[in-house]
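J.: Following this message is one structure expressed as structure tokens.
The values are calculated or read from the model by the stated rules, or taken from the named source; none is laboratory data. Computed from a prediction, not measured in an experiment: that's the story for all the values here. FYI the Cβ positions are ideal-geometry reconstructions off the backbone, even for glycines, and counts take in every protein chain you see. Heads up: the accessible areas ignore ligands, DNA and RNA and are worked out on the full protein's heavy atoms, side chains in. Shrake-Rupley method; radii C 1.70, N 1.55, O 1.52, S 1.80 Å.
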Amino acid sequence: MSETTAPATSTSAAPTGTVVAESATARGRRARLALKGLQILLALFYVIASALPKLVAHSLAVESFDEIGWGSAGMYTIGLLELAGGIALLIPVLASVAAVSLSALMVGAFITQVTVFDGEYAATPLILIVPLALIAWARRGRTVELVRLLRRRS
């Protein structure tokens, strides 16, 4: 629904049968703002609520990673990945890649929750995958632009 086709009897400036981006409409602007708000909210979540406790070695994070058997190296690694992903969600050309990467991290978190912690909080990573998938899909065009730019430079 991000694009519409101008009808044959249209009196608009667009030629008949051409694709007109919906982003020019008020609805498209609201959708872009909502998506940007979602990106900011998720970025704040990953940076503050998820990465920060790991990077400052909060006692609950240390305990969890010791129970998993990954220790402080695993905790700091996951914390850095979440921090990088949260920041990258705010960079337009990286948002799609960040969302896919964080989704992969959430799949690992889900598996860990089910196997190590008996599924106590297994729903949380699954819930986070939904908005991440939306961001990855909606922002995929920027990633294509980045890939084309990188190919031209090499």
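J.: For region 102-117, enumerate the residues that are crowded, with 17+ Cβ neighbours inside 10 Å and under 19 Å from the mean Cα position of the chain (by Cα).
T.: The answer is L102, S103, L105, M106, A109, F110.
J.: Could you identify the single residue in E63, E67, E82, E120 that is of a type in the set (D, E) and within 15 Å of the chain's Cα centre (by Cα)?
T.: When all the criteria are applied, what remains is E82.
J.: Taking the condition modelled with pLDDT under 95, more than 25 Å from T115 (Cβ to Cβ), hydrophobic (A, V, I, L, M, F, W, C) and assigned to a helix (DSSP H, G or I), does A31 pass?
T.: Values: modelled with pLDDT under 95: yes; more than 25 Å from T115 (Cβ to Cβ): yes; hydrophobic (A, V, I, L, M, F, W, C): yes; assigned to a helix (DSSP H, G or I): yes.
Yes: the conditions hold for A31.
J.: Identify all residues within region 34-78 that are surrounded by 12 or more Cβ atoms within 10 Å (Cβ to Cβ) and outside any helix (DSSP H, G or I); write none if there are none.
T.: A57, H58, W70
J.: Report, by residue number, each residue of region 138-149 that is within 16 Å of A88 (Cβ to Cβ) and open to solvent by 70 Å² or more (accessible area, probe 1.4 Å).
T.: Residues satisfying the conditions are R140, R142, E145.
J.: For region 84-101, how many residues meet the condition of being in a helix (DSSP H, G or I) and open to solvent by 50 Å² or more (accessible area, probe 1.4 Å)?
T.: Number of matching residues: 5.
J.: Now a separate question. Out of contact with any His (no Cβ under 9 Å at 6 or more places or on another chain), modelled with pLDDT of 95 or more and within 24 Å of I40 (Cα to Cα) - does that describe any residue in region 109-117?
T.: Checked against the condition, which is being out of contact with any His (no Cβ under 9 Å at 6 or more places or on another chain), modelled with pLDDT of 95 or more and within 24 Å of I40 (Cα to Cα), region 109-117 yields at least one hit.
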